[in-house]
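The values are calculated or read from the model by the stated rules, or taken from the named source; none is laboratory data. Fair warning: this is a prediction, and the values are worked out from it, not measured in the lab. Please note: Cβ atoms are built from the backbone with ideal geometry, for glycine as well, and neighbour counts cover all protein chains shown.
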Amino acid sequence: MILSRLPAPMPPDETLRSRENPLYKRLRALKERGGDKELCLLEGPKLVLEALAAGIAVVEAATSPRAEASPAGAAALSALRGREVPVRRLTAELFSSLSEAETSQGVLALARRPTFDEERVLGGTPLVLVADGVQNPGNLGGLLRTAEAAGATGAILTTGCADPFSWKALRGSMGSAFRLPHLRGLSIEQALSALEKGGVAVLAAAKDGERRYDEADLRGPVALVVGSEGGGLPPAVLERAAARLRVPLAGPVESLNVGVAAALVLFEAARQRGFRGAGGRA
């Protein structure tokens, strides 16, 4: 993308100054609700560009003078206008009241949440990440990013998980939530049943698992189930799993962050599969 030509600045009279403006109210309401069933709030030029590149429908956008002065902000604004997305400038004060970032980069956008079907998640030789009850949005976003990087076919996020399109989760996933096919709204029972019906072996990440993760055969259709940071996986899930995988630890360390444990297993699966689908950068 060419950054040298900045978009023409908006005329001063187009700057929105009132908190009663409909666009401001929509952005404010969405921020306070943490999104809704159809829309999510994007902040920052990089995330906006990632969404546009993934084919996400951006409905409207707001900017501050800061965005027009930076190459990244200018690129995002140019891309938005190139897709005929309405863009309005807010005063610095209004924009600051909407921003979640400590240092805002001056671009906010309303986007439609993507939806994915089960066939895309379980297509090919499935390598699926199942997150059960991962409530920390940053951790959930990081898991999606790791799964995409390892070439996973998709993910299943059970009903107890954080919203993958919340601001913190989107920041953690760095756009992976837009690209990685994933299913939401299933109970862990429904998720496991769907996987088993599709012939996918369910493997559980467990600190006291009977098999080392690097000794398991991960070349076939498999799903890795990980639990929350605090509680881990319920006993019923551990009992139902075809195998419980552990990461060997040295010293007195008792466990790993859920993201680290998932990364080790998923990339071991990618290695065994010859890094097919893992970005072609083996």
Note on Pro86: of the conditions (1) within 17 Å of Leu27 (Cα to Cα); (2) buried (at least 18 other Cβ atoms within 10 Å of the Cβ); (3) of a type outside the set (Gly, Ala, Ser); (4) under 26 Å from the mean Cα position of the chain (by Cα), unmet is (2)
Does Pro137 meet the test of being surrounded by fewer than 23 Cβ atoms within 10 Å (Cβ to Cβ) and under 12 Å from the mean Cα position of the chain (by Cα)? yes
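So for segment 194-217 (the condition being under 17 Å from the mean Cα position of the chain (by Cα) and either surrounded by 14 or more Cβ atoms within 10 Å (Cβ to Cβ) or more than 23 Å from Phe116 (Cβ to Cβ) (or both)), does at least one residue qualify? It would help to see each step written out before you state the result.
Going through segment 194-217, the residues under 17 Å from the mean Cα position of the chain (by Cα) turn out to be none.
No, that holds for no residue.
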Return only the number of the condition from (1) surrounded by fewer than 24 Cβ atoms within 10 Å (Cβ to Cβ); (2) in contact with a strand residue (DSSP E or B) (Cβ under 7 Å, 6 or more places away or on another chain); (3) assigned by TED's automatic domain parsing to the domain that holds Arg81 that Leu108 does not satisfy. (1)
For segment 22-42: of the residues being charged (D, E, K, R) and closer than 13 Å to Arg113 by Cα, which is surrounded by the fewest Cβ atoms within 10 Å (Cβ to Cβ)? Lys37
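Within segment 48-59, does at least one residue satisfy the condition of being part of a loop (DSSP other than H, G, I, E, B) and within 23 Å of Ser18 (Cα to Cα)? First the steps, then the outcome.
Quick first cut of segment 48-59, residues part of a loop (DSSP other than H, G, I, E, B) only: 54-57.
Pick out the ones that are also within 23 Å of Ser18 (Cα to Cα) and you get none.
For segment 48-59, residues part of a loop (DSSP other than H, G, I, E, B) and within 23 Å of Ser18 (Cα to Cα): absent.
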Restricting to segment 218-254, name every residue that is loosely packed, with under 15 Cβ neighbours inside 10 Å and either farther than 21 Å from Gln190 by Cα or at pLDDT below 90 (or both). Arg219, Gly220, Gly230, Gly231, Pro248, Leu249, Ala250, Gly251, Pro252, Val253, Glu254
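Could you please find all residues in segment 79-96 being under 13 Å from Leu52 (Cβ atoms), in contact (Cβ under 8 Å) with a residue 24 or more places away in the chain and out of contact with any Lys or Arg (no Cβ under 8 Å at 6 or more places or on another chain)?
Going residue by residue through segment 79-96, those that are under 13 Å from Leu52 (Cβ atoms) are 79-85, 87.
Filter once more, so that each one left must be in contact (Cβ under 8 Å) with a residue 24 or more places away in the chain: 79-81, 83, 85, 87.
Within segment 79-96, Ala79, Leu80, Arg81, Arg83, Val85 meet the criteria.
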